[in-house]
Amino acid sequence: MAAWQNTLDAGAFSLTGTANYFGGYDLSAEDQGGVAGDCGLSSGYTPCRVKSYITLDLAASLEVNDKFTIYMNMLNAFDRMPPIDHVTYGAHLYNAVQGGTGIVGRAFRAGVKVKF
């Protein structure tokens with residue numbers, strides 16, 4: 001995984017964009033006796049290599065005054081889902097982190113920060 005982040009800061013307002021790159025993987029299982037690149041876990045109807053993909057996260061904040069800030073985040077702004085991998089996603093004890101943050105789909109968070 002790799003990420004690139006840029007922020008536009010205009011005084012009290014800031015906007016940050018983060019591009020997340022997920023590099024893909026192949027369906028080998030060296031930890032289960034397989035050999036790298038052997039496609040040992042491939043079901044035969046899906047490609048051996050799960051492709052890479054990119055998501056974009058956005059974060060905006062507005063500092064109303066020294067003690068009050070409003071913020072909103074949009075994760076996976078383009079709702080980019082990871083490539084289909086029937087073998088891994090349906091596996092027993094599947095770890096969703098393998099699909100990266102895109103596995104959740106688009107998500108929003110909003111809130112207020114107050115300093116006392």
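Considering only residues of segment 26-50 that are touching a helix residue (DSSP H, G or I) at 6+ places or on another chain (Cβ under 8 Å) and surrounded by 14 or more Cβ atoms within 10 Å (Cβ to Cβ), which is farthest from residue 64 (Cα to Cα)? Among those that are touching a helix residue (DSSP H, G or I) at 6+ places or on another chain (Cβ under 8 Å) and surrounded by 14 or more Cβ atoms within 10 Å (Cβ to Cβ), it is 40.
Of the residues in segment 67-81, at least one is assigned to a loop (DSSP other than H, G, I, E, B), in contact with a Gly (Cβ under 7 Å, 6 or more places away or on another chain), surrounded by 14 or more Cβ atoms within 10 Å (Cβ to Cβ) and aliphatic (A, V, I, L, M). Scanning segment 17-38 for residues that are within 14 Å of residue 55 (Cβ to Cβ) and not in a loop (DSSP other than H, G, I, E, B) gives 17, 18, 19, 20, 21, 22.
Here residue 37 clears all of (1) over 23 Å from residue 112 (Cβ atoms); (2) in contact (Cβ under 8 Å) with a residue 40 or more places away in the chain; (3) not aliphatic (A, V, I, L, M) except the condition numbered (2).
Here, each number is a calculation from the coordinates, and none is a lab measurement. Computed from a prediction, not measured in an experiment: that's the story for all the values here. Quick reminder, even Gly has a Cβ in these numbers, built from the backbone with ideal geometry, and neighbours come from all protein chains shown.
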